[in-house]
Amino acid sequence: QSLLEQYQFNSDGKFEYTFIDPEVDPLAAQNANITRDGTVVLRTGNQQELVTIMSEQELTGALVRLMNPASESIYFLIGHGEYSPEDTGDQSLSQVKRTLESKNYVVATLNLLATNQIPEDARVIVIAGPKKPVSQAEVVMLDSFLAGGGSLIVMEEPLPTTEFGEADDPLANYLAQNWGVILGKDIIVDLTSNQPLAPYAASYANHAITQKMQNLTSQFPTGRSVQVGTAPEGVTNLSLVLTAQQSWAETDLESLNTADSQISYEDGVDLPGPVSMAAVAERVSSESRLVIFGDADFPIDANYAAYGNGDLITNSIDWAAQQE
């Protein structure tokens, strides 16, 4: 009762509750498909959700599902060594999947190399840390998807942590040319972090994704810069996450491979802090949305619960799906 009172108090008159004794009114229990004691039935119109575990998380998830009865489909690209929601363990995105499904999203994987086609129900495609470059043919399909109103989340790791080698990156080229967002060939060093190659978010843009995260940091276990350049006509872009002033984007990646490497900021060569680590972009004509991160490790299960990491990825997908 105490928890339900809080919902009612904060609902501005939009939430009411009543207790029904199923022994006194068995017909009500039967009509609501009650099969166990302590069940909460949430209703709006002809829709209902049953909650059997009394917690704020379970109740809120059920309310979100009631308010969004139509499921949006989120596809995670695979085939290039990406993190997957279908895996388990610390290196998976299973917690992201559970959170999205609790909000009534349908989560699946997509191998464009095998299918050569993007499903018609796709609302958002997530590319989470490819170890090998996404091909030019796939980029062409993604461009058509965006032109049709789809949205994209891109998370690309710093080059030293991938297997790109000297290979071209068609996806990074596409983001720069068509959206004015540049993935740096660098790695961020943050002197405010006890692990300098694991930078923290020092500030966020005033944006729907981050508007409720201003007092909550997030951490990126290795990151590259995501710079916002001149946007093509019809496109708007914005830096979303910035590191502290005491940071920089190191461009001498070869020095990281030497045993006695002593990296330091070099004026005119490295990018001085604050460094942009994520960006958003929109195209008004197609209503397509992009979120680009210079790190793919922050939302995996090992890091999901750290600081605001889970909120950041979930909010990004909500915004991309226009469910913010």
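The values are calculated or read from the model by the stated rules, or taken from the named source; none is laboratory data. Keep in mind it's a predicted model, so treat the numbers as computed, not measured. Ligands, DNA and RNA are stripped out before the accessible areas are found, and what is left, the full protein with its side chains, is counted by its heavy atoms. Shrake-Rupley method; radii C 1.70, N 1.55, O 1.52, S 1.80 Å.
What's the Cα-based Rg to Rh of the chain, Rh via Kirkwood?
Rounded to two decimals, Rg/Rh equals 1.04.
In whole Å, largest first, what are the principal axis extents of the Cα atoms in the range 67-114?
36, 26, 9
Express the carbon and sulfur contribution to the solvent-accessible surface of the chain as a percent, rounded to the nearest whole number, probe 1.4 angstrom.
Whole-percent figure for carbon plus sulfur exposure: 47.
Which log10 I(q)/I(0) values does the range 251-324 give at q = 0.17, 0.27 Å⁻¹ under the Debye formula, counting every alpha carbon as one identical point scatterer?
Summing over Cα pairs of the range 251-324 leads to -0.87, -1.19.
With the chain treated as a Gaussian network of Cα nodes joined by springs under 10 Å, which of K185, K132, K14 yields the largest mean-square fluctuation?
Sorting by GNM fluctuation, first place goes to K14.
For the chain, what proportion of DSSP beta bridges, expressed in % and rounded to the nearest 5, is antiparallel?
Once the DSSP bridges in the chain are tallied, antiparallel ones form about 60 percent.
Provide the descending list of Cα extents for the range 74-162 along its principal axes, expressed in whole angstroms.
The principal-axis extents, from largest down, are 36, 32, 21 Å.
Which value results when the Cα radius of gyration for the range 184-324 is divided by 2.2 N^0.38 Å?
1.08
Determine ³J(HN,Hα), in whole Hz, for all residues of the range 167-183 in sequence, where each value follows from phi through the Karplus function 6.51 cos²θ - 1.76 cosθ + 1.60 and θ = phi - 60°; x replaces Gly and Pro.
5, 5, 10, x, 5, 4, 4, 5, 4, 5, 6, 9, 10, x, 10, 10, 7
What is the range 207-266 by shape, rounded, prolate or oblate, if you read a ≥ b ≥ c off the alpha carbon gyration tensor as root eigenvalues and call it rounded for a/c under 1.5, prolate for a/b larger than b/c, and oblate otherwise?
Cα axes put the range 207-266 in the oblate bin.
In terms of Cα to Cα distance under 26 Å, which lysines are near enough to K103, apart from those fewer than 8 places away along the same chain?
K14, K212
How big is the Kirkwood radius of the range 35-116, worked out from every pair of different alpha carbons and given in Å to one decimal?
Result for the range 35-116 stands at 14.7 Å.
Enumerate the lysines that K132 could reach by cross-link, defined here as Cα to Cα under 26 Å, with residues fewer than 8 away along the same chain left out.
By straight Cα distance, K132 reaches K97, K185.
Quick one: among S92, S203, S285, which has the greatest mean-square fluctuation in a GNM of the chain with alpha-carbon springs under 10 angstrom?
Result: S285 has the largest fluctuation of those listed.
Cα atoms only, the range 112-238: Rg and Dmax in Å?
Cα radius of gyration and Dmax of the range 112-238 are 16.0, 46 Å respectively.
Anyone know which of D252, D143, D21 comes out most mobile in the 10 Å Cα GNM of the chain?
With Cα springs under 10 Å in the chain, the top fluctuation among D252, D143, D21 is at D21.
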